[in-house]
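The block underneath contains the structure these notes are about, expressed in structure tokens.
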Amino acid sequence: MLAGIKGKVLLHEPGKLLLEVGPAVLEIAVPLSFHPSVHSEIKLFTSLFIREENMVLYGFASEIEKLFFHQVLTVPGVGPKLALSIVGFMPIPEMAFLIQSGNSKALEKIPGVGKKLAQRLIGDLKEKAAKFVIEYSDKSDTQTFAKPESQAIEILVDLGLDQEKAWTAVKSFGSQNHSVDDLVNLSLKKLGESPK
């Protein structure tokens, strides 16, 4: 089984990249939260899914993302595409915290996740999520579950913006230590929207 891969990024679009591996070029589905630089050398943890005549390779920047992806797949009604959307919605410790704390309202903001599925995620993964919160969050960072980027994205989605566009806009400013309000306003301006 293909567990990981290294190569050069030839093209990156939200949710997809082309990776040059030796003489081959692979198309890999990745979380929306993953933003590699074009022409950079990267390593991905991968999972290959074959459905009838369709073969899709999913790639993750970290082992924790891959592990969480497979945990989410154990929930009835969740396929690889939706699981990838869940993994990429916010950092894994934060997502795991939402599940562990039973925050169904926040989970319903994930595209493709309605009220019933949010409750199912909590019911099926609550105990397993605790492991991701305890073992993978930075215990020295008391703001693990309140990072400005994640909060800004959540606000933009609440304002009616597409999650993919919100991610792309916020991440273009996220490394500059902006406040939540600054990230929201800058992202709205970038997208040509006005604060409501």
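Things worth noting here:
- Highest mean packing first, where packing is the average number of other Cβ atoms within 10 Å per residue, the peptides 22-28, 119-125 line up as 119-125, 22-28.
- Separation of alpha-carbon centers, segment 1-45 and segment 57-130, rounded to whole Å: 22
- As a calculated quantity, the FRET efficiency between Glu63 and Lys189 at R0 = 25 Å, using C-beta atoms, amounts to about 0.10.
- Taking a straight Cα-Cα cut-off under 20 Å and skipping sequence neighbours fewer than 8 places away in the same chain, the lysines within cross-link reach of Lys189 are Lys165, Lys171.
- Toward the positive end of the charge dipole of the chain, with +1 on the Cβ of Lys and Arg and -1 on the Cβ of Asp and Glu, the farthest Cα among Thr168, Ser187, Ala118 is that of Ala118.
- Shape category assigned to the chain from the gyration tensor of Cα positions, a/c cut at 1.5: oblate
- The simple Förster model, with R0 at 45 Å and r as the Cβ-Cβ distance, assigns Glu52 and Lys109 a FRET efficiency of 0.90.
- Hits among lysines - C-alpha to C-alpha of Lys126 under 21 Å, sequence gap 8 or more where chains match: Lys66, Lys105, Lys109, Lys115, Lys116, Lys139
- Averaged per residue, segment 40-108 has 46 square angstrom of accessible surface, using a 1.4 angstrom probe with ligands and nucleic acids left out.
- Using a Gaussian network model of the chain in which every pair of alpha carbons under 10 angstrom is joined by a spring, one finds that among Val170, Val21, Val184 the greatest mean-square fluctuation is at Val21.
- Ser172 versus Leu11: modelled label distance in nm, points set 7 Å from Cα along the beta carbon direction: 2.0
The values are calculated or read from the model by the stated rules, or taken from the named source; none is laboratory data. What you are looking at is a predicted structure, and each value in this text was computed from that prediction instead of being measured. All Cβ positions, glycine included, derive from the backbone under ideal geometry; neighbour counts span all protein chains shown. All accessible areas refer to the heavy atoms of the entire protein, side chains included, with ligands and DNA or RNA removed. Shrake-Rupley method; radii C 1.70, N 1.55, O 1.52, S 1.80 Å.
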